[in-house]
């Protein structure tokens with residue numbers, strides 16, 4: 001298997017998709033728009049999610065033969081507190097978000113008891129439906145998508161550094177007593193997977209997923 005050729009081929013394909021996402025987010029990235037309509041936001045996420053998964057798997061492939069030495073964690077001396085810091089550059093998440101299983105708890109309805117009156121009464125004011133807010137929904141804000149895109153673009157441009165990050169993550173996981181998971185690949189289908197591939201990124205994700213699975217199990221122990 002020519003791993004370097006696979007890396008270069010998939011990196012070039014990812015670069016084209018990143019340019020496509022940039023075209024969709026250009027107004028938001030340049031500060032000319034702070035809100036994306038639901039249809040436009042859905043289109044961006046439809047490209048962003050599988051692209052993040054494909055890049056994550058490309059990093060796994062590149063970290064296959066990377067060896068790093070990480071010191072075991074040391075306890076922090078008592079009496080010291082870490083000051084809050086803000087990262088200068090967005091950090092790309094190296095592992096898949098895990099699926100949540102189990103029964104979803106439905107919150108109980110809030111409010112007092114329902115009292116029914118038969119017939120009109122002056123004691124009960126006429127029902128007025130709440131006025132709809134004209135402000136856009138918070139989850140449609142373009143800032144979060146811009147941050148995810150910035151982390152994606154930076155990680156693609158710094159693949160060797162991301163591979164070393166993943167190699168250190170792998171060593172730290174092995175030093176932990178009871179890690180929740182030891183593989184950056186979650187079981188089952190990757191995030192952004194579509195049962196019926198319709199876009200070039202879908203085929204790219206499928207190819208990177210198979211290569212990353214083999215690369216992770218061939219990585220140095």
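No value in this document is a laboratory result; all are computed from the given coordinates. Being a predicted model, the structure only gives us computed values, none of them experimental. Neighbour counts are summed over all protein chains in view; Cβ atoms, including those assigned to glycine, are modelled from backbone coordinates with ideal geometry.
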Of 16-27, 89-100, ordering from highest average Cβ density within 10 Å down gives 16-27, 89-100
The distance between the Cα centres of the stretch 1-55 and the stretch 194-221, in whole Å, is 17 Å
The exposure ranking of 146, 208, fewest beta-carbon neighbours within 10 Å first, is 146, 208
A student applying the Cα gyration tensor rule (rounded when a/c is under 1.5; otherwise prolate if a/b is larger than b/c, oblate if not) would label the stretch 179-221 oblate
Expected sort for 43, 64 with the fewest Cβ neighbours (10 Å cutoff) up front is 43, 64
